[in-house]
1. In Å, what Kirkwood hydrodynamic radius results for the chain from the alpha-carbon pair distances?
2. Suppose a student asked you for the relative contact order of the stretch 6-129, using Cα pairs under 8 Å spaced at least 6 residues apart; what percent would you report?
3. So what J values fall out for the stretch 16-25 if you push phi through Karplus, 6.51 cos²θ - 1.76 cosθ + 1.60 with θ = phi - 60°, rounded to Hz, Gly and Pro as x?
4. Using the number of other C-beta atoms within 10 angstrom as an exposure proxy, rank 20, 40 with the fewest first.
5. For the stretch 6-129, with only Lys/Arg (+1) and Asp/Glu (-1) charged at the beta-carbon, what is the dipole magnitude about the Cα centre, in debye rounded to 20?
6. Considering the dipole of the chain built from charges on the beta carbon (Lys and Arg +1, Asp and Glu -1) around the Cα centre, which of 69, 97, 123 is farthest to its positive end?
Amino acid sequence: MLPLTNELIAGVLDGHGYAFAQDADGDLVGRWDDNLIYFFRLGRAGEVLQIRTLASRVFAIDDVLPLYGFCNGWNQDKLWPKAFVHVNDDGTVRVIGEVVADLEHGVTPDQLDQLVACGISSGCQLADTLERLTL
């Protein structure tokens, strides 16, 4: 078992040939279709992996209540990613998806590969569903 590091996450992403970058805060981020997917390390020792999908579709403030209903239904029917509504300062609305894993006791490269694959594929599935959503 290895401690979770950005280098370990980058190795998994590189191994699949994914394009990604490191942002100003040191977090890894890539683009799948038009969706941004972030790979955050949280917790005191950076042991919690959070794979956060920022779906590309932008909604209006009037869509918040129907989006709450969509996210509640999604979260009831699907294990990953957890979906929630985020209202931006400019009044636009986005849906975010998250896959989170506590890796306090370490992770193997195969386990991390599976978590990254799950975060990317389920985040893209959420984003694809949002593209087809009619409110």
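1. About 15.5 Å for the chain.
2. 25
3. 9, x, 6, 8, 7, 9, 10, 7, 4, 8
4. Ascending number of Cβ neighbours within 10 Å: 20, 40.
5. 200
6. About the Cα centre, the residue reaching furthest to the positive side is 69.
Bear in mind that the values in this text are calculations on the coordinates, not laboratory data. This one's a predicted model, so the numbers in the text were calculated from it and none came from an experiment. Glycine also receives a Cβ, built like all others from the backbone with ideal geometry; neighbour counts cover every protein chain displayed.
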